[in-house]
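Data first, discussion second: the structure below is written as structure tokens.
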């Protein structure tokens, strides 16, 4: 292996998209006005899974997916490859909407979605490097470790078991991931590593074989919904695009961070950046020193989230939050490719796993993308039958498994099926809009700076930064 000591020479295309072989041919854009039964705006996991389960429930439906770039262009093709059985919205938030029993039922539904992805891809022959190895979280200072002890006691009291999550002593934690400064760890079993681009492309190809139409290179500019109760041709919903208008009885918005591009929707979801790097393939000897034998995903418990996985070809794909937010909710490639943030990710990975510094590990890929955050930081979905309009998303960076559950639930709501999923607490969630500028820029940037300082304080002093964390939550409205 030949390292460079920097990220400057790395390709700036996402690892997952770069190694698709063969590279999928681009689909034709929409060619004028069309009619269909279901129009889905967005070719990511939310839209693809909604279409997938609609085909299972009613194969007669005429379904049109509209994608501005290509399937998997956004977070679905550029994320960390974690299908994790977790929602960003807190257990307490969902319990307040329903009850603790219902919140527990919802948590287990997300657990099941991790297995559902494995089941569907196996049956459909979609090779997405699925490996359910769980998630190893390291505590790398005393405050992180103390929080883990409290967390496990709290979660087990709620009804979760050691089969779901368990506390590890330092030696056992290092058998999963041989990191530095390990105080203790948590092993969470409901998580799988995947190649997200392979999954998105595989779903899209199978959907097309089943008769679903997918238009790429087509920009949705506005969604116009009919007045409640109006039916028939005059009551069709419309998706206005740069290539024509799609009229449909049902329109589903699955645009995640790119919702900001739709008319009157700029303040619905906040686009926040997360960046990643990927190493060259590592030797078996190096991987034996590092661990990750069953390909668990990995992180430590700092406030400024980091995340990684061992890929099927022995790379480490590793990410974290970079440039947090651009004024005016802008989405810019310059922020996605912020080289100092990528260099910091490389340094953070080496700090956790010094053997990578010893071999001067080469970073072959660096990239970034945006995720969508609702104002209440609570993911959810809603479907208005009288309007024929549905929305899903706002996963706050934990969308691979959540999108499967949301898409499956949305399909059931559309066809009118009542299942255990359609009554989960996150169904019907909606959030108020984000504040105008400069308030949202000040809130997000200040919160990030405080959290970064809180991590520095805990690593340097081994003392908790409790007040900083509470202040950051207050600023961001979580």
Check your understanding: Name the residues in the range 244-287 that are out of contact with any strand residue (DSSP E or B) (no Cβ under 6 Å at 6 or more places or on another chain) and assigned to a strand (DSSP E or B), would you?
Key -> 244
Check your understanding: Is there a residue in the range 213-221 that is under 30 Å from residue 351 (Cβ atoms) and modelled with pLDDT of 95 or more?
Key -> no
Point to revise | Selection status of residue 439, buried (at least 21 other Cβ atoms within 10 Å of the Cβ) and more than 17 Å from residue 321 (Cα to Cα) | key: no
Check your understanding: Can you pull out the helices (runs of 4 or more DSSP H) entirely within the range 295-403 that have at least 2 residues that are modelled with pLDDT of 95 or more and at positive phi?
Key -> none
Revision key, fill the gap. Inside the range 141-160, the number of residues satisfying the requirement of being under 21 Å from residue 105 (Cβ atoms), over 25 Å from the mean Cα position of the chain (by Cα) and assigned to a helix (DSSP H, G or I) is 4
**Study point:** Only listed residue being under 21 Å from residue 107 (Cα atoms), touching a residue at least 12 places away in the same chain (Cβ under 8 Å) and either over 22 Å from the mean Cα position of the chain (by Cα) or in a helix (DSSP H, G or I) (or both), chosen from 451, 413
**Key:** 413
Exercise for review: Of the conditions (1) surrounded by 19 or more Cβ atoms within 10 Å (Cβ to Cβ); (2) under 26 Å from residue 278 (Cβ atoms), residue 86 clears all except one; give me its number.
Suggested key: (1)
Exercise for review: State whether one or more residues within the range 323-335 are buried (at least 22 other Cβ atoms within 10 Å of the Cβ), touching a residue at least 40 places away in the same chain (Cβ under 8 Å) and under 29 Å from residue 293 (Cα atoms).
Suggested key: no
Practice item. Taking residue 35 as meeting all but one of (1) part of a strand (DSSP E or B); (2) surrounded by 15 or more Cβ atoms within 10 Å (Cβ to Cβ); (3) over 25 Å from the mean Cα position of the chain (by Cα), write down the number of the exception. Key: (2)
Review point. What are the residues in the range 457-472 that are surrounded by 14 or more Cβ atoms within 10 Å (Cβ to Cβ) and farther than 19 Å from residue 274 by Cβ, if any?
Key: 457, 458, 459, 462, 464, 465, 468, 469, 471
Practice item. Among the residues of the range 89-103, count how many are in a helix (DSSP H, G or I) and surrounded by fewer than 17 Cβ atoms within 10 Å (Cβ to Cβ). Key: 5
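The values are calculated or read from the model by the stated rules, or taken from the named source; none is laboratory data. Note that the coordinates shown come from a computational prediction; the quantities given were computed from them, not determined experimentally. Cβ coordinates were reconstructed from backbone atoms using ideal geometry, including for glycine residues, and neighbour counts include every protein chain displayed.
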